[in-house]
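**Q** Following this message is one structure expressed as structure tokens.
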Amino acid sequence: MLQLRTYLRRARIWAIFGSRTVATNNQIVQPQDMLGYNKPINPSTAKPVVEQSDNIYQKEFESSVKPVQLEDRMEGLFGRSEENLKSYIFLTKTNCDMSVWSYDGSLERERIGKQLISLFAEMRDQLTVQGHWCDFVDPLSGMPYHNKTSTDILTECDEDITSFSSSLDLVSIGCCRALQHTDWGFNVFVGLLFTDAPSADIDAAGKEAMKKLENVLA
């Protein structure tokens, strides 16, 4: 009889609330939670599974400078088509597989993307002080970071992305494409900076910017 009363009481609560949700203490509670079936989880207490460092200076990475041979793309991205433009590519080995979406992967992508923006901004400051033009692609959006009149974007799934590094390949996965590194597989994140500075100045700016970033993130 006690079990029957409990069942009827729960059925009455369900009839009142139906499929609606109720907010209690800033938590979203489903009707089945009110009946005691599930315990509400506060999203603010959730912790990512990945515990490895997300600081790029502690990760395995590689960088290289190459002459740009995509003048048309440079014109659309930055409004410049000089033959002496060079690309500086920064590849970072990630903890997560970037060919699939995951909660941890999205957090790692955002952290690395923001750190690359800081790295490239520091490099740009150094190179422009020396009288060189410089801009870079926002690694999180594919848009030029400083040129606000751009008519083009350059994302990690763009067919031209592999022309900036011999370590990269663009692989089709079902209806999508993903970057694959020759050694790291799909655990890779890419950043691109463009400038008319000599290769030696670009390398020096990259090393100096990494030192400053390491001190900030340490």
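**Q** Looking at (1) of a type outside the set (V, I, T); (2) at pLDDT 95 or above; (3) open to solvent by 20 Å² or more (accessible area, probe 1.4 Å), which is the one condition that is false for R111?
**A** (2)
**Q** Among the residues of the stretch 133-146, which ones are open to solvent by 40 Å² or more (accessible area, probe 1.4 Å) and touching a residue at least 60 places away in the same chain (Cβ under 8 Å)?
**A** W133
**Q** Looking at the stretch 89-103, which of the residues that are out of contact with any helix residue (DSSP H, G or I) (no Cβ under 8 Å at 6 or more places or on another chain) and crowded, with 17+ Cβ neighbours inside 10 Å is nearest to C134 (Cα to Cα)?
**A** Here the residue is L91.
**Q** Among the candidates T149, T128, T155, single out the residue that is open to solvent by 60 Å² or more (accessible area, probe 1.4 Å) and closer than 16 Å to F78 by Cα.
**A** T149
**Q** So which residues in the stretch 179-218 are more than 29 Å from E82 (Cβ to Cβ) and part of a helix (DSSP H, G or I), if there are any at all?
**A** Once the filter is applied, which keeps residues that are more than 29 Å from E82 (Cβ to Cβ) and part of a helix (DSSP H, G or I), the stretch 179-218 yields K211, E214, N215, V216, L217.
**Q** Can you tell me which residues in the stretch 141-151 are farther than 18 Å from R177 by Cβ and not aromatic (F, W, Y)?
**A** Result: M143, P144, H146, N147, K148, T149, S150, T151.
**Q** Kindly provide the set of residues from the stretch 65-88 that are touching a residue at least 40 places away in the same chain (Cβ under 8 Å), part of a strand (DSSP E or B) and open to solvent by 20 Å² or more (accessible area, probe 1.4 Å), ordered by number.
**A** V65, K66, K86
**Q** Search the stretch 158-172 for residues being of a type in the set (G, A, S) and in contact with a Leu (Cβ under 8 Å, 6 or more places away or on another chain), and hand back the single one that is surrounded by the fewest Cβ atoms within 10 Å (Cβ to Cβ).
**A** S163
The values are calculated or read from the model by the stated rules, or taken from the named source; none is laboratory data. From a predicted model like this one, the values you see are computed outputs, not experimental measurements. Methodologically, a virtual Cβ is constructed for each residue, glycine included, from the backbone with ideal geometry; neighbour enumeration extends over all protein chains shown. Heavy atoms of the whole protein, side chains included, go into the accessibility calculation; ligands, DNA and RNA do not. Shrake-Rupley method; radii C 1.70, N 1.55, O 1.52, S 1.80 Å.
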